[in-house]
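The structure appears right after this line, and notes come after that.
Here, each number is a calculation from the coordinates, and none is a lab measurement. Every value quoted in this text rests on a predicted model; they were computed, and no experiment measured them. Cβ sites come from the backbone with ideal geometry, for glycine too, and all protein chains shown count toward neighbours.
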């Protein structure tokens, strides 16, 4: 019997398809060799499971952003679901979306106050650079990535208070 109805992609096959993309050349480590990957990956390993998975997926470009979904299904909407102006890439999601400007500016101020001098495109991936507050900054960045991704599904931007509370809850665990 031949099925004529197209079955929706379920999670496991979709995940398998997406993970194939990073199993060979083209990994973010190859694309961004300037970052301190051994340290980033060891810091990620120390995070709580849900935040660890999100941070790892973000760094490997595995989060199902609209741009990523559009690569697999050209009919899928590619633009950011908040601002509707630009493709929703990882970087747009966490740095460049104009609706996140306030919380992003807050994050940059806090990270700078704790001694991080690396550019935003580096520290957002966890490459904090030399500072005595490396773990503190890393957990804040991880909390920001996690909260931004989680709240994206609710069509909202996390608040500074929500980020501070999440950050405080993670830091003692590490």
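Which FRET efficiency value, to the nearest 0.05, is calculated for residue 75 and residue 99 with the Förster distance at 41 angstrom and r the Cβ-Cβ distance? Could the numbers behind the result be given before it?
Details: r = 25 Å, r/R0 = 0.61.
Efficiency computed from Cβ-Cβ geometry: 0.95.
Suppose each label sits 7 Å from its Cα in the direction of the beta carbon; what would the residue 164-residue 34 distance come out to in nanometres?
3.4 nm
Would you mind ranking 138, 86, 56 by Cβ crowding within 10 Å, fewest neighbours first?
On the way: 138 25, 86 14, 56 17.
Placing the least packed residue first, the sequence is 86, 56, 138.
With each pseudo-label sitting 7 Å past Cα toward Cβ, what's the residue 114-residue 83 distance in nm, one decimal?
2.5 nm
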